[in-house]
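Here, each number is a calculation from the coordinates, and none is a lab measurement. For clarity, every value in this text was computed on a predicted model and none was experimentally measured. Note that we place each Cβ from the backbone using ideal geometry, even for glycine, and neighbour counts take in every protein chain shown.
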Amino acid sequence: MTAAIVWFRNDLRLHDNPALDAALSSGQPVIPVFIRPPHDTQKWSPGAASRWWLHHSLTSLAAELNRRQSRLIIRTGSPHDVLHQLLAETDADSIYWNRRYEPDGIATDTTIKRQLHSDGYTVESFSGNLLFEPWTVETKQGKPYQVFTPFWKACQSRSVADPIELDDMEFPAPRNWPLSETIDSLKLLPRITWDAGFYDRWRPGRQGAMQALATFLETTIAGYHERRDFPAITGTSSLSPHLHFGEIGLCEIWHAVHERHKTPATLTQGEITFLAELGWREFAHHVLYHFPQISEKPLREKFLKFPWVNDAERFRAWKAGRTGYPIVDAGMRELWTTGWMHNRVRMIVGSFLTKHLLISWQQGARWFWETLVDADLANNTLGWQWISGCGPDAAPYFRIFNPVTQGEKFDPEGEYVKRWIPELRSLPTKWIHHPWNAPQEVLAASDVSLGESYPLPIVDHREARARALAAFAEVKG
């Protein structure tokens, strides 16, 4: 009997997996495969934090396959070469995968599919990572959307596919399993132990994803619209890394929310707001698919001439959480410690980098790519282009977040700052977001020595704002 290869990528789950379902439905033995391409062949090879998550997610997937009397075949090398090797080593005559939407992924998949088809193999790809395929949602003029609100309105008029349930049957095994490398051999974990905080914060894998969804629906979603902007409290879903690696499907989440009600008309405001956030993720992939250049260049071409500043010293201070602005520094330290940052704080630190420091959004995006466990090319790109004012549906160029007032509004008691900046924990709340204004006796009593235990601001807000407005005025219009 021939066999079918299922090529796993960013869909590391068995449930609601259209490619796997098609392979199982063929009645052939199934060979699950994960291929790690050479690092130097990928323009956007996963960053260090993403590799950490990938290691544990693959471990979880492999264990789940083992429980079903199957196994995950691990290989490294060019996907084109590895797949041909596997076809030659096994009785497989077909390959199934779920589609990717990043430029390099599309190019790779298109080339492989064309070659395998010409060699006589069956190759089928499926929609397993989005609610809707990017080319199926378009304006009345037949063009892609560049503004979120009409895009999401168009999406809401469509029905979302039901998730595919996987029963408890064992997977049919091939006559002979091909040789496999080990997950450890991929060397995805960091060489130095900077990831200790990751283990306290996350549980990668399918079970972790389902637990995160259950907890969110039970305890958090009701107040999501009111609490999601406050980083000191649990107001968000924490599903983003699980979604990025495909440990849970968007259709599963969508229907899990809707199944709480008899009709969509009875959705609560928290649920509506959360679903719209899933819509932003969908929008990000829609934009990247139609405008693939935006991972490197601004969508608004006039920003190609923007006078960005190359300031290595201030960039290092931003990365290290040593800017002297507590809400910014707290966010950057949370990122380094946990591989994640609250979305409101992502906007604040992004605005600070691009507008206070005039350091390019590309540099910020690259740092996030390296340090976020949920680093997703579409989401990361859209977020950075939005905050810097050069992308689709972007924030107005004159919208420059004041890090002091943002901190006071979204961390009014200073809990978030004190959690991540221990040197300020004894400082009274009145001064927590602008310690440089605190009286000397207050600083002394709080054991804060500005410029020593905690830095003075690396830029003055008013001066930085004026400089940014002048720079943006050069390219506006």
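Can you compute the label reach from D311? Point 7 Å from Cα along the Cβ direction, backbone N cut-off under 18 Å, restricted to region 326-345.
Taking a point 7 Å out along Cα→Cβ of D311, the residues of region 326-345 whose backbone N falls under 18 Å are 326-330, 332.
Share of antiparallel DSSP beta bridges in the chain, in percent to the nearest 5?
Given both bridge residues lie in the chain, the antiparallel proportion sits at roughly 5 percent.
I'd like the distance between the alpha-carbon centres of region 48-91 and region 350-417, rounded to an integer number of Å.
So the separation of the two Cα centres works out to 35 Å.
Output the Kirkwood hydrodynamic radius of region 426-465, Cα pairs only, in Å rounded to one decimal.
About 10.7 Å, per the Kirkwood formula over Cα pairs.
When Rg is the radius of gyration of the Cα atoms in region 239-348 and Rh is its Kirkwood radius, what does Rg/Rh come to?
For region 239-348, the value is 1.07.
Counting each DSSP H run of 4 or more residues in the chain as -39500 (n - 2.57), what helix-only mean residue ellipticity at 222 nm follows after dividing by all residues, to the nearest 500 deg cm²/dmol?
-13000 deg cm²/dmol
When only C-alpha pairs under 8 Å and at least 6 residues apart count, what is the relative contact order of region 3-127, in percent?
After rounding, I find 35 percent.
If all Cα-Cα distances of region 118-199 are sorted into 10 Å bins from 0 onward, what percent lands in each bin, rounded to whole numbers?
With a bin width of 10 Å, the distribution comes to 10, 20, 21, 27, 20, 1.
Between helix 48-67 and the chain, what is the angle of the helix's C-alpha long axis to the longest principal axis, kept within 0 to 90° and rounded to the nearest 10?
30 degrees
Give the calculated FRET efficiency between D162 and I272 to the nearest 0.05, with a Förster radius of 30 Å applied to their Cβ-Cβ distance.
About 0.90, to the nearest 0.05.
Using the number of other C-beta atoms within 10 angstrom as an exposure proxy, rank L189, L87 with the fewest first.
Placing the least packed residue first, the sequence is L189, L87.
Report the Stokes-Einstein translational diffusion coefficient (µm² s⁻¹, integer) for region 3-127, Rh taken as the Kirkwood radius over Cα pairs, at 10 °C with viscosity 1.306 mPa s.
Translational diffusion coefficient: 106 µm²/s.
With a point put 7 Å past each Cα toward its Cβ, work out how far K143 is from E226 in nm, to one decimal.
4.2 nm
Placing +1 at every Lys and Arg Cβ and -1 at every Asp and Glu Cβ, with all other atoms neutral, what dipole size does region 294-443 have around its Cα centre, in debye to the nearest 20?
300 debye
Taking +1 at the Cβ of each Lys and Arg and -1 at the Cβ of each Asp and Glu, which of A107, C155, S127 sits farthest along the dipole of region 39-175 towards its positive end, judged by Cα position relative to the Cα centre?
Working it through, the farthest residue towards the positive pole turns out to be C155.
What is the Cα convex hull volume of region 301-473 when expressed per residue in Å³?
With only Cα atoms used, region 301-473 gives 105 Å³ per residue.
Using the Cα centre as the reference, give the magnitude of the dipole from point charges on the C-beta atoms of region 115-188 (Lys, Arg: +1; Asp, Glu: -1; all else neutral), rounded to the nearest 20 debye.
640 debye
Mind running the shape call on the chain? Use the C-alpha gyration tensor, a ≥ b ≥ c as the square roots of the eigenvalues: rounded below 1.5 for a/c, prolate if a/b tops b/c, oblate otherwise.
Prolate, since a/c reaches 1.5 and a/b exceeds b/c.
What net charge is computed for the residues neighbouring H244, neighbours being all others with C-beta under 11 Å from the C-beta of H244, Lys and Arg scored +1, Asp and Glu -1?
Around H244, the surrounding residues sum to -3.
Note the full-extension length gain between D184 and A154 as 0.36 nm times their separation in residues minus their Cα-Cα distance, in nm to one decimal.
The span from D184 to A154 would gain 6.4 nm if fully extended.
Quick one: dipole size for the chain, taken about the Cα centre, charges +1 on Lys/Arg Cβ and -1 on Asp/Glu Cβ, in debye to the nearest 20.
Roughly 1260 debye, rounded to the nearest 20.
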